[in-house]
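Read the structure below first, then the notes.
The values are calculated or read from the model by the stated rules, or taken from the named source; none is laboratory data. The structure presented is a predicted model; accordingly, all values stated were derived computationally and were not measured. Methodologically, a virtual Cβ is constructed for each residue, glycine included, from the backbone with ideal geometry; neighbour enumeration extends over all protein chains shown. Heads up: the accessible areas ignore ligands, DNA and RNA and are worked out on the full protein's heavy atoms, side chains in. Shrake-Rupley method; radii C 1.70, N 1.55, O 1.52, S 1.80 Å.
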Amino acid sequence: MTPRTVRLVALASLLLNGFLLLNYSLWSGSTVRSKPSVPAPVTMSYTLDLRHNISSQELADSPLVFVGGVPRSGTTLARAMLDAHPDIRCGEETRVIPRIVSMRSRWDKVGKEHQRLENAGVTDDVLDRATRAFISEIIVGHGKPAKYLCNKDPLVVSYMNDLIRMFPKAKFVVMIRDGRAVAYSIVSRNVTISGVDSKSYLSAGLFWNKVVEKMIRSCSEVGGERCMAVFYEQLVEDPETWMRKILKFLGVRWHDNVLHHESFINSEVSVSKLEPSSNQIVEAVHTKALEKWRTKLSPMVQRQIYEECDMLKELGYRP
């Protein structure tokens, strides 16, 4: 192991343990005053899982795919359809990738801390390489090998600019759905999202508005060759047209399996019992949920969300 690799391993271990310590503090609801009981440090191999025989740098140079969007926007359906393709593996949500990228992003924004890191030789390049190695280990290790590897964590595309720096050949598929449908789904299914009142349709709608605005802006910044926005409504109404567009964007050959993902559940398409959308993707693509929110939300709530959420109008959604 070279000295450079040793340094990277140590830094990645520090990243992971810092992440665990941060979450311990958050979960405990108080400031950590004494040494908490946390798992022992984890040493990670930067050759990654030997079963897959792929390095962090090789993954950075490969056409890695990130699928995301506001939760309840069809991200699970999109990844299930992609997973049905014999050349693609996305798998279930990792949950840790958005958090580690968020931590990496925050270090750039805290001026004094960033200055201290730079002064200690922990440069942006070192941090990026260590974070990339951590992400690579998760993506490669949590599923079977495939020609095209994919990650689906809904909010991961909120950090598109950070990810494109670490994975310059990555491509992003951003799922977009009517914010009122998303708000209804979040509240009716009691989906827990930090900062969102899960009993308030307006709170869920405003969250959708803020996150979608950021994702659309980031998508525009990285450019059309790297980012594609897909409307959930259009995908379920015309699956073949949109899956052909998505696969062409990704540079992946066409395969009919993507139109029949339900036939590959628990074989090619792994399903988590703990993800809120899992019980829906076991069915074939359908349009039953498209307008359900219109019959469930009162006219006053519908009007309130539409008036408060400018992105609904910007994206062309009707009142």
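Couple of notes before you dig in:
- Counted charge near V301, where neighbours are those whose Cβ lies closer than 13 Å (Asp, Glu -1; Lys, Arg +1): +3
- Cβ-defined net charge surrounding W242, 12 Å radius [Lys, Arg +1; Asp, Glu -1]: -1
- Placing +1 on each Lys and Arg Cβ and -1 on each Asp and Glu Cβ, with no other charges, gives the stretch 230-281 a dipole about its Cα centre of roughly 260 debye.
- Entry comment: accessible area of the stretch 61-174 is 34 Å² per residue, from protein heavy atoms only and a probe of 1.4 Å.
- Sites listed here are GluC sites (Glu not before Pro) in the stretch 211-245 whose DSSP assignment is loop and whose Cβ has at most 14 other Cβ atoms within 10 Å: E225.
- With the simple model of a label 7 Å out from the Cα in the direction of the Cβ, D238 to E307 spans 3.5 nm.
- Applying a DSSP loop filter and a limit of 11 other Cβ atoms within 10 Å to the trypsin sites (Lys or Arg not before Pro) in the stretch 231-286 leaves R253, K273.
- Surface share of carbon and sulfur [accessible, 1.4 angstrom probe, percent] for the stretch 179-236: 46
- Between A120 and S62, residue separation times 0.36 nm minus the direct Cα-Cα distance comes to 17.7 nm.
- A simple rule links phi to the HN-Hα coupling: the Karplus curve 6.51 cos²θ - 1.76 cosθ + 1.60 with θ = phi - 60°, which for the stretch 199-211 gives 10, 10, 4, 5, 4, 5, x, 5, 4, 4, 4, 5, 6 Hz, with x for Gly and Pro.
- Global form of the stretch 70-113, assessed from the alpha-carbon gyration tensor, a/c cut-off 1.5: prolate
- Whole-Hz Karplus values for the stretch 248-258 come out as 5, 4, 7, x, 10, 5, 6, 8, 4, 3, 5 Hz, taken residue by residue from phi with 6.51 cos²θ - 1.76 cosθ + 1.60 and θ = phi - 60°; glycine and proline positions read x.
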